[in-house]
1. Select from the range 88-100 the residues that are aliphatic (A, V, I, L, M) and farther than 16 Å from residue 178 by Cβ and list them in ascending order.
2. Which of the numbered conditions does residue 199 fail, given that it passes all the others? Conditions: (1) under 14 Å from the mean Cα position of the chain (by Cα); (2) of a type in the set (Lys, Arg); (3) modelled with pLDDT of 95 or more.
3. Filtering the range 85-117 down to residues that are in a helix (DSSP H, G or I) and of a type in the set (Ser, Thr, Tyr), which residue is surrounded by the fewest Cβ atoms within 10 Å (Cβ to Cβ)?
4. Out of (1) within 20 Å of residue 110 (Cα to Cα); (2) in a helix (DSSP H, G or I), what's the single condition that is false for residue 188?
5. Considering only residues that are crowded, with 18+ Cβ neighbours inside 10 Å and polar (S, T, N, Q), look in the range 144-185 and name the one that is nearest to residue 38 (Cα to Cα).
6. Please specify each residue of the range 195-213 satisfying the condition of being in contact (Cβ under 8 Å) with a residue 24 or more places away in the chain, more than 15 Å from residue 59 (Cβ to Cβ) and among the polar types (S, T, N, Q).
7. Show the residue pairs meeting these rules: Cβ distance below 9 Å; 6+ apart or different chains; first residue within the range 168-194 and more than 20 Å from residue 75 (Cβ to Cβ); second residue aromatic (Phe, Trp, Tyr).
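The values are calculated or read from the model by the stated rules, or taken from the named source; none is laboratory data. Model, not experiment: these values are computed from the prediction. Positions of Cβ are backbone-derived with ideal geometry, glycine not excepted, and every protein chain shown enters the neighbour counts.
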Amino acid sequence: MLIVITRRGFAAALLLAGLAGFAQFNPVTDAMAQNAMALVAKPVSLPDMALGPEKAPVTIVEYASMTCPHCAAFEENVFPMLKSKYIDTGKVHFVFREFPLDIKAAAASMLARCIAGGDAGKYFDAVEQLFKQQDQLMDQTTATLKLIGTKAGMSEEAVEACEKDQALLDKLKADQDFAYKELKVNATPTFFINGEMSKGAMSFEKLDSKIRSLLKK
């Protein structure tokens with residue numbers, strides 16, 4: 001099934017949400033990993049939002065949806081330790097890419113991009129706030145987007161303009177289509193760790209073990 005994102009809704013993509021609870025590393029050959037790394041390495045339509053040095057020995061790319069509870073749990077429980085132990089110390093380059101599973105997630109992703117204006121620090125701060133207020137985002141989408149946007153320094157008019165930006169929405173769609181078709185991303189969160197795919201929720205212990213094994217190579 002091809003995921004197609006439109007302004008009116010993401011109903012087909014919602015069918016994929018049930019896969020989000022499963023996590024396992026897929027066995028891959030070196031050639032497969034190198035091919036995946038090459039495909040994952042460069043952004044498609046939107047510039048990457050990343051933390052940590054590009055030449056770090058380990059690169060982690062996360063595909064996430066702002067309305068995915070497993071993604072919010074990773075942001076709250078795992079990412080702070082990942083950032084402190086590996087990103088801030090220059091051992092991991094972490095890239096966050098949007099894979100919105102519904103129109104509310106797309107709206108949230110668009111707001112984070114507008115708040116950031118290309119600044120990765122502002123982007124990750126916005127993502128953190130959006131995940132923290134995920135329940136409110138689901139129940140009172142417009143009000144929550146305006147609240148987070150205005151707290152970040154945007155006017156309500158700017159927030160509304162951001163959410164009507166068809167060009168930005170089209171780029172989100174193009175990036176998700178590429179991830180689905182070429183990288184076989186079909187659930188959130190999905191991680192690529194030096195090219196190796198892992199789908200679903202992941203504890204820090206599991207992630208830590210994987211990173212340490214890669215750093216020994």
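1. Passing the criteria: only 92.
2. Result: residue 199 fails condition (3) only.
3. Only one residue tops the list, namely 86.
4. (2)
5. So the residue we want is 176.
6. Of everything in the range 195-213, just one residue is in contact (Cβ under 8 Å) with a residue 24 or more places away in the chain, more than 15 Å from residue 59 (Cβ to Cβ) and among the polar types (S, T, N, Q), namely 203.
7. That search, which allows pairs on different chains as well, returns 180/99; 183/63; 183/192; 186/180.
Residues checked against (1) of a type in the set (D, E, K, R); (2) loosely packed, with under 15 Cβ neighbours inside 10 Å; (3) at pLDDT 95 or above; (4) not in a helix (DSSP H, G or I):
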position	(1), (2), (3), (4)
31	no, yes, no, no
35	no, yes, no, no
56	no, no, yes, yes
71	no, no, yes, no
